[in-house]
2 protein chains.
Amino acid sequence: MNFNEVLDRKVKETEKIIEGYLPRETGYQKTVIEAMNYSFKSGGKRLRPLFMREFYMLFGGGKKVIEYFMAAIEMIHTYSLIHDDLPAMDNDEYRRGRKTTHIVYGEAMGILAGDGLLNLAFETVSNSFDVFDNPVKIGKAIQILGKKAGIYGMIGGQCADIESEGKDIAQDKLMFIHLKKTAALLEASMTIGALLAGASDNEIEIVEQIAQDVGLAFQIQDDILDVVSTTEELGKPVGSDEKNQKTTFVTMAGFEEAAKEVERLSKRAQDNLSALGKESSFISELIGSLINRKK
Amino acid sequence: MNFNEVLDRKVKETEKIIEGYLPRETGYQKTVIEAMNYSFKSGGKRLRPLFMREFYMLFGGGKKVIEYFMAAIEMIHTYSLIHDDLPAMDNDEYRRGRKTTHIVYGEAMGILAGDGLLNLAFETVSNSFDVFDNPVKIGKAIQILGKKAGIYGMIGGQCADIESEGKDIAQDKLMFIHLKKTAALLEASMTIGALLAGASDNEIEIVEQIAQDVGLAFQIQDDILDVVSTTEELGKPVGSDEKNQKTTFVTMAGFEEAAKEVERLSKRAQDNLSALGKESSFISELIGSLINRKK
């Protein structure tokens with residue numbers, strides 16, 4: 001099997017695992033559950049649970065506990081998209097070719113569905129105490145999840161991002177936004193995978209650096225693609241960053257510098273991955289394919 | 001000291017404890033933290049952390065672990081108020097005489113501040129693993145928190161409530177809304193307090209029943225007050241339920257039946273409290289004062 005076939009299989013496996021943690025659409029609260037599941041099932045690359053599982057297996061993990069965290073990280077990612085799409089935020093009517101949650105279910109239910117998924121993420125991981133006999137490790141994993149998703153992670157990045165629209169911002173603030181808004185959940189995914197499988201503190205630090213570099217490179221590549229892609233290829237209006245007067249690494253440092261930075265981050269991530277001294281060819285190819293993607 | 005003096009002192013103690021868990025207003029994410037703290041500090045009776053602490057002490061608890069959960073339950077209560085006040089939800093400009101969060105900080109930041117508090121609640125309790133040597137109990141407490149705050153608790157009630165506005169609804173749906181929207185967080189407060197202090201399963205069940213009865217009675221009393229109060233006394237427009245064509249226990253069963261139901265629930269809660277066989281005179285008076293309040 002070539003890389004794309006393996007990836008396809010692994011994405012399907014991931015999808016099957018995480019969808020097993022979705023709530024049944026029943027009871028007086030049926031509508032909010034439908035809205036949550038609608039958003040959760042609307043596709044996407046499932047990168048976060050996929051990476052989490054890969055790093056879990058890389059360090060020899062083989063238990064059910066990881067599934068709870070895989071579902072939770074995708075729930076958190078999904079809630080952030082629902083709330084990002086709201087009229088008061090990015091006001092998007094479509095995502096991945098489907099109508100966004102608040103368009104289908106109304107704005108109030110969109111807010112509630114996001115809240116529901118964020119809450120369900122932590123509820124789900126708290127249920128993993130029932131299947132795993134190392135509660136201290138679960139505690140640490142929940143700590144990482146909370147930190148990387150919250151005001152010192154993703155939400156912090158969203159705040160800075162909202163306040164920066166239409167403004168010239170300095171490079172360190174831009175890096176803060178990228179690191180928090182994009183890289184933080186990847187860091188949570190990869191480090192939780194490593195941690196729960198029993199990786200050492202030193203190994204977890206290396207994994208965190210890999211995640212940061214991949215997240216940053218992915219975001220800068222996204223900014224590059226925003227400029228060069230056609231609407232048809234990307235499925236969203238071209239140059240939307242420019243339209244929103246958004247400062248990006250590309251508008252700041254120029255196209256060529258941006259491409260070089262992606263290259264530099266990518267190389268460091270791959271070097272660190274090799275330094276772990278494990279069979280990581282799939283992860284390596286996955287990182288390569290993400291960073292060098294053309295759409 | 002009379003009851004009101006003791007209550008006043010305990011509310012102040014509670015306030016001091018939970019405010020110690022608020023994040024510092026610094027960094028590029030400063031604004032969202034300010035919005036979170038603004039909402040959190042806007043007063044209120046701190047009933048949930050107060051009840052949690054009282055039930056913790058009732059069962060002999062005396063450790064720091066409870067503080068993390070006290071802060072968390074108030075964060076969850078606060079986030080739910082911020083999101084409830086949003087234009088797409090109840091569209092309220094004032095709460096407790098102060099401008100609501102989205103009025104002061106804008107709608108996007110209001111959404112984010114709510115998300116931030118919900119996330120911080122779970123982040124905060126996950127940090128309690130560092131100070132308490134019974135991780136399994138913490139795990140159970142987090143489970144309760146997630147369940148009572150989520151789609152099988154408060155969010156479930158909010159969903160049913162939103163869908164019921166302007167409609168005639170059956171009594172069992174109304175009870176579902178009250179139980180989930182109002183009682184669920186009280187149940188979490190009291191049972192987590194009991195659990196972390198080492199109460200038995202049987203005792204925790206009794207405590208949960210007390211919380212349910214108090215929550216229901218409190219809500220029905222609220223509906224009664226909505227009809228009888230003057231705007232000045234209550235600080236919100238009178239008869240707002242009627243204005244919103246909201247079905248309540250009062251509109252459904254009539255004033256007299258509603259008052260009788262409050263009486264019945266109150267008596268059962270007090271009987272159950274006595275059945276625990278502990279020195280609970282303060283809790284008993286607190287429940288009495290809440291249910292019989294005139295505003």
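Overview of results
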read-out: Estimated 222 nm signal from helices in the protein assembly as shown, with DSSP H stretches of n ≥ 4 weighted -39500 (n - 2.57), rounded to 500; value: -22000 deg cm²/dmol
read-out: Members of A:Lys181/B:Lys64; A:Lys260/A:Lys294; A:Lys30/A:Lys180; A:Lys63/B:Lys140; A:Lys63/A:Lys267 lying beyond 26 Å, as alpha-carbon distances in this model show; value: A:Lys181/B:Lys64; A:Lys30/A:Lys180; A:Lys63/A:Lys267
read-out: Taking chain B and dividing mean pair separation by its residue count, relative contact order in percent (alpha carbons under 8 Å, at least six apart); value: 19
read-out: Within the range B:47-121, trypsin sites (Lys or Arg not before Pro) in DSSP loop having at most 12 other beta-carbon neighbours inside 10 Å; value: B:Lys64, B:Arg96
read-out: Cα centroid separation, the range A:187-208 to the range A:5-61 (Å); value: 21
read-out: For A:Glu257, inter-copy label distances in nm, listed shortest first [label point 7 Å out on the Cα-Cβ vector]; value: 7.3
read-out: Among A:Lys267, A:Lys181, A:Lys30: highest mean-square fluctuation, GNM of chain A, C-alpha pairs under 10 Å; value: A:Lys30
read-out: Test item: Cα-centred dipole of the protein assembly as shown, Lys/Arg +1 and Asp/Glu -1 on Cβ, debye; value: 720
read-out: For B:Glu93, label point 7 Å along C-beta direction: distances to other copies, nm; value: 3.0
read-out: Of B:Thr248, B:Thr14, B:Thr26, the one that fluctuates the most in a GNM where chain B has Cα springs shorter than 10 Å; value: B:Thr26
read-out: Exposure proxy order (Cβ contacts within 10 Å, fewest to most) of A:Ser284, A:Ser200, B:Ser80; value: A:Ser200, A:Ser284, B:Ser80
read-out: For A:Val131, inter-copy label distances in nm, listed shortest first [label point 7 Å out on the Cα-Cβ vector]; value: 3.2
read-out: Whichever aspartates and glutamates have a C-alpha closer than 14 Å to that of B:Lys278, once near sequence neighbours (fewer than 8 apart) are set aside; value: B:Glu54, B:Glu203
read-out: Within 10 Å of each Cβ in B:79-90, the average number of Cβ atoms from other chains; value: 3
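Readers should treat all values here as calculations from the given coordinates under stated rules, not as data from a laboratory. Every value quoted in this text rests on a predicted model; they were computed, and no experiment measured them. Methodologically, a virtual Cβ is constructed for each residue, glycine included, from the backbone with ideal geometry; neighbour enumeration extends over all protein chains shown.
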